[in-house]
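Undergrad: Please see the structure below; I have some questions.
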Amino acid sequence: MERTSKNAIKAACHAEYDSLTHVILCSPLYMKIREVINETQQYFVEENIDTKRAVEQHDLLIKTLRSYNVDVITLPSLRVFPEQVFTRDIGFTIGDTLFIAQLKRAIRQGEEKVLMDWLDTHGIPYIQMANQSIEGGDVLVDHDTVWVGISYRTSVDAVRELQDRLNNYEVIPLDFENRYLHLDCVFNMISADEALIFPPAFNPEDLKKIASRYRLVEVTADEQFRLGTNVLSLGKGVIIGLPANKKVNRKLRKHGYDVVEVDISEIIKSGGAFRCITMPLARNP
């Protein structure tokens, strides 16, 4: 296990767009499509993953994060977990509380224990969710509001558990089409006032809820397939995005964001992009 800082870390994430200070990643060292578990993998299953290239792209992302003074924590890669690169799903921080997720698919179950071992070693407290499945890709935090996607991976009962635990938050469930893996594949706030969205994924009622809170920057169908909403905010208007998503990047720059382009096209073949492969442990307002 590797850390870039010897200082004690306190989990704290109050908004998706605050300044990222500490983040957890895991190298795609053993990344392969062994069992198709989403629509993107189905598309790329024959081609599969060039693991060497995926690792090189992941290393470049880590270098980029460090260039912005982000403390990158890397969990050990284990051969038994081909999806381990997607650290977002194994845990999520809401305010000052770190939750350990309950992963839905058997092929991923156990990844969260690697995270727990690291947290235990470094004395960082956490809460384990109960037996109902929930994954971090379905959880988006914006101060006293928590948006939670109801998906194949995140159950209604898990949302109720969060509502019971988070008395000082408004926990808002969102339905979206199950063909999309997680909520952050179709929705992601990028500031207190703006959010990226793929509108066809939502019913009119939930789309209206989102639009009442944010000015919406729409993503086209072709760029949704390349996970155009699944960017990573570093704070202060800096966003990491995919070079191939030219329309999204152009819109973001027009809205005043600094878009840092990093190619992770090999990793995306397994169904996740920048938000999926990063688990923020701490952000500063």
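Undergrad: Residue 157 versus residue 250, label points 7 Å from Cα toward the beta carbon: distance in nm?
TA: 4.8
Undergrad: A follow-up question, please. Within the range 74-169, which trypsin sites (Lys or Arg not before Pro) sit in a loop by DSSP and count at most 16 neighbouring Cβ atoms inside 10 Å?
TA: Passing sites in the range 74-169 are 79, 105.
Undergrad: Per residue and in Å³, how big is the convex hull formed by the alpha-carbon atoms of the range 105-158?
TA: In the range 105-158, the Cα hull volume divided by residue count equals 104 Å³.
Undergrad: Accessible area, 1.4 Å probe, largest first: how do 116, 31 sort?
TA: So the residues, ranked largest to smallest area, are 116, 31.
Undergrad: Moving on. Label point 7 Å out from residue 96 along Cα-to-Cβ: which residues of the range 266-284 have amide N under 16 Å?
TA: 282-284
Undergrad: For the full complex of protein chains and a 1.4 angstrom probe, list 97, 229 by accessible area with the highest value first.
TA: 97, 229
Undergrad: Normalised radius of gyration for the range 124-273, please: alpha carbon Rg relative to 2.2 N^0.38 Å, two decimal places.
TA: Relative to the 2.2 N^0.38 Å estimate, the range 124-273 comes out at 1.04.
Undergrad: Something else: Sorted from largest down, give the three principal axis spans of the alpha carbons of the chain, whole angstrom values.
TA: The Cα atoms of the chain stretch 43, 43, 35 Å along their principal axes.
Undergrad: When only alpha-carbon atoms count, how far does the range 12-162 stretch along each of its three principal axes, as whole angstroms with the largest first?
TA: That gives 42, 36, 28 Å along the principal axes, largest extent first.
Undergrad: Still on this model: Could you check the simple spin-label distance between residue 164 and residue 211, using points 7 Å along Cα→Cβ, in nm with one decimal?
TA: Taking the two extended label points, one gets 3.6 nm.
Undergrad: In addition: Can you give the calculated 222 nm mean residue ellipticity of the chain, where each DSSP H run of n ≥ 4 adds -39,500 (n - 2.57) and the sum is split over every residue, rounded to the nearest 500 deg cm²/dmol?
TA: -7000 deg cm²/dmol
The values are calculated or read from the model by the stated rules, or taken from the named source; none is laboratory data. Given the structure is predicted, the values throughout are model-derived calculations rather than measurements. Don't worry about glycine lacking a Cβ; one is built from the backbone with ideal geometry, like all the others, and counts go over all protein chains shown. With ligands, DNA and RNA removed, areas are computed over all heavy atoms of the protein, side chains included. Shrake-Rupley method; radii C 1.70, N 1.55, O 1.52, S 1.80 Å.
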